[in-house]
Amino acid sequence: MRKNLSSSIMINLILTVFAIISFFPIYMAFINSFKTQGEIFTSVLSFPTSFSLENYIGVFTELDLVSSSLNTLLVTAIGLAGIVICGSLAGYKLARTSGKLSALIFTLFIASMLVPFHSIMITLSQMAKGLGLQGSLAGLGLIYIGLGVNMAVFLYHGFVKSIPRELEEAAKIDGCNDIQIFVRIIFPLLKPITATILVLNVLWLWNDFLLPLIMLTDVNNYTLMLSINMLFGQYVADWPKILAALVLTALPVVVFYAFFQKYILEGIADGAIK
């Protein structure tokens, strides 16, 4: 009994330490977003002398965060919609189709997950330019679909295997075709893994910097990360405004994650193991 209690205390202590370490950068960004440049350079760990909203107001006036937020929201929405629709359809079809061709296609999806983005970004940029997608928010969203659908197919494929085929057979007896079976029967049962895929991809799409930097050429189409990057000058960086912008940028993702976090472990476990 004492041994189990000691183990529990030790585990909780370790988890608490890791939680503090993980939370510390967020704490630092938040308190320093209220400071002046001089206060940050004087003492980065201390509390600000006054909690002024000047940096947050300055971010909105200098960067036009509303426009950047709408651009990021549009790109994220296009990417999420395409990843969920294409990934769920492909994962369902591959899981329900037996044969060497189906296994080969699924293997190719998995193999593409092993290719690092940095090894294909120049080729991808040239292809996007040739297709007229460069500089377009919709084009950026389409590229995100292509880059993110492989993980979605992998998770949906594993999750679909846990759904009994008898449900589909009963729906066919009732007169449903394949599309109706998927929309009315299968997709509602994919809610846990769909929530997981949404959260994982929102964290990626909302905070991505490199691909928008390569793809977007017009300042009016800049996403949040590109707009924040404009605060970094050649010789100096406006750290108070940068930290304020990062705090504002992170808030929607934190809220979204908090809303769906209960599905993450359940969805990943069911999708990858079953």
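The values are calculated or read from the model by the stated rules, or taken from the named source; none is laboratory data. These numbers were taken from a predicted model, which means no experiment stands behind them. Here the Cβ positions follow ideal geometry from the backbone for every residue, glycine too, while neighbour counts run over all protein chains shown. Please note that ligands, DNA and RNA were not included when accessible areas were found on the heavy atoms of the full protein model with its side chains. Shrake-Rupley method; radii C 1.70, N 1.55, O 1.52, S 1.80 Å.
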q = 0.22 Å⁻¹, the range 109-192: log10 I(q)/I(0) [Debye, one scatterer per Cα]
-1.00
Carbon and sulfur %, accessible surface of the range 106-253 computed with the full protein complex present, 1.4 Å
66 percent
So, for the range 19-175, what is the accessible surface per residue at a probe of 1.4 Å, expressed in square angstrom?
57 Å²
Share (percent) of C-alpha pair distances in the chain greater than 24 Å works out to 62 percent
How would you classify the range 1-68 from its alpha-carbon gyration tensor, with a ≥ b ≥ c the square roots of the eigenvalues: rounded for a/c under 1.5, else prolate if a/b is greater than b/c, otherwise oblate?
prolate
Once the mean 1/r over all distinct Cα pairs of the range 1-136 is inverted, what Kirkwood radius in angstroms do you read off?
21.4 Å
Given the -39500 (n - 2.57) contribution per DSSP H run of 4+ residues, what per-residue ellipticity at 222 nm results for the chain, rounded to the nearest 500 deg cm²/dmol?
-24000 deg cm²/dmol
Please report, ordered by residue number, every helix of the chain (full DSSP H runs) that is 27 Å or longer along its axis going by C-alpha atoms and whose mean Kyte-Doolittle hydropathy reaches 0.0.
2-32, 65-96, 137-160, 239-273
Given the C-alpha centroids of the range 6-28 and the range 124-170, what is the distance between them in whole angstrom?
36 Å
Of the range 213-229, those with amide N under 15 Å from the point 7 Å along the Cα→Cβ vector of A237 are 225-229
Less than 18 Å apart at the alpha-carbon level, and either on another chain or at least 8 residues along: which aspartates and glutamates does that give for K35?
E54, E62, D238
Distant-in-sequence amide H partners of D238 (H built 1.01 Å from N, under 5 Å)
G233
Regarding the range 134-239, what is the average projected area of its C-alpha convex hull, in nm²?
9.2 nm²
With unit charges on the beta carbons (Lys and Arg positive, Asp and Glu negative) and the dipole taken about the Cα centre of the range 107-207, which residue among N150, S119, N177 sits farthest to the positive side?
S119
Protection proxy ranking of 103-115, 12-24, 179-191, 203-215 - average other beta-carbon atoms within 10 Å, highest first:
203-215, 179-191, 103-115, 12-24
